[in-house]
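These notes concern the structure reproduced below.
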Amino acid sequence: MNQRVKSVFTVLAVMLALGANAAPEGARTALHIEGMTCGSCATAVKIVLGKTPGVKNATVSFEDKRADVTYDAQTTSPQKIAAAIADALAYKVTIAEGNSPIQTSNEPQETACDLSKKPTGKPILLPAYRSDELRDEFNRASGRVRMVALLSPTCGPCQHGQRVVQSVFTKFADPQLRGFVVWLPMLPSDDAAAARSQAGTFTDTRVVQRWDASRDSGTQFSKILKLKGAAWDVYLLYEPGVKWTGATPPAPTFWMHQLRADHGADQRLCLNPAAMTAKVEELLKVKKG
């Protein structure tokens, strides 16, 4: 009997020793991600995290603008994980101090463009928007790939969207790519001065920028996108050959947005920088081919 007891204690000792030497479950960190506005954004972040070396598991919430990540501390760090998301998706990512919650479900949640941010760029000259003038410039570039963006100058997500546009034009220095950015007063903090400042954060000779004080462009593009209310925080791509005839702009070849579902926007088309960049590259290759 004593021998059996000794055997049992021996087995337990071995099991405890193995448990003590077992690899830890992993370190944990919480990231605050500014720029996510819908479920597709969260999915894109999770895909990036899934491809990031050292990341074991992650949950992402676009409502809370948060990612909770379990990772191998010997392989990576919160700084590297945050950089991976920022580099891939152009979001602003910060590490939560002490991994404390950024925002709980009981707190008011910010949704697309609920948060206004003061522009910080050097103001540039911003001519007034005229539909006929934009149509003429659009058609003069009909042999090229064109991107059209309608943005609020003090809307945080719109400023993120502008950085996505900037990243596309930075990646493709191709003269066959043209851009048209129209700034609209969609928030109380939006005015011509704010638009001039925000427009100044990114300039490119291939990009035309305008200030639409009456929001006519938002009404025009809303019709073709079938949105409820003015179109803004939208990003449209046009393949070569598409022309604008009449008062209504042409339907885009491809488009994305950062709008809520109650705006009538398909949530599967939430702005994904990687997807937008890939589509621009595809259209440029078709043009050259």
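Would you be able to say whether some residue in the stretch 193-208 is crowded, with 20+ Cβ neighbours inside 10 Å and of a type in the set (Asp, Glu)?
Among the residues of the stretch 193-208, not one is crowded, with 20+ Cβ neighbours inside 10 Å and of a type in the set (Asp, Glu), which makes the answer no.
Any residue that is of a type in the set (Phe, Trp, Tyr) and in a loop (DSSP other than H, G, I, E, B) - is there at least one of those in the stretch 130-149?
Checking the stretch 130-149: not a single residue is of a type in the set (Phe, Trp, Tyr) and in a loop (DSSP other than H, G, I, E, B).
Surrounded by fewer than 21 Cβ atoms within 10 Å (Cβ to Cβ) and either closer than 15 Å to Ala194 by Cα or of a type in the set (S, T, N, Q) (or both): is that true of Ser152 in this structure?
no
Criterion first (in contact with a helix residue (DSSP H, G or I) (Cβ under 9 Å, 6 or more places away or on another chain), modelled with pLDDT of 95 or more and assigned to a helix (DSSP H, G or I)) does Leu126 satisfy it?
No, not satisfied.
Any idea which residue in the stretch 61-77 is farthest from Gly39 (Cα to Cα), counting only those that are of a type in the set (Val, Ile, Thr) and touching a residue at least 24 places away in the same chain (Cβ under 8 Å)?
Once the filter is applied, the top-ranked residue is Thr76.
The values are calculated or read from the model by the stated rules, or taken from the named source; none is laboratory data. Source: prediction; values computed, not measured. A quick note on method: Cβ atoms are made from the backbone with ideal geometry, for glycine too, and the neighbour counts reach across all protein chains shown.
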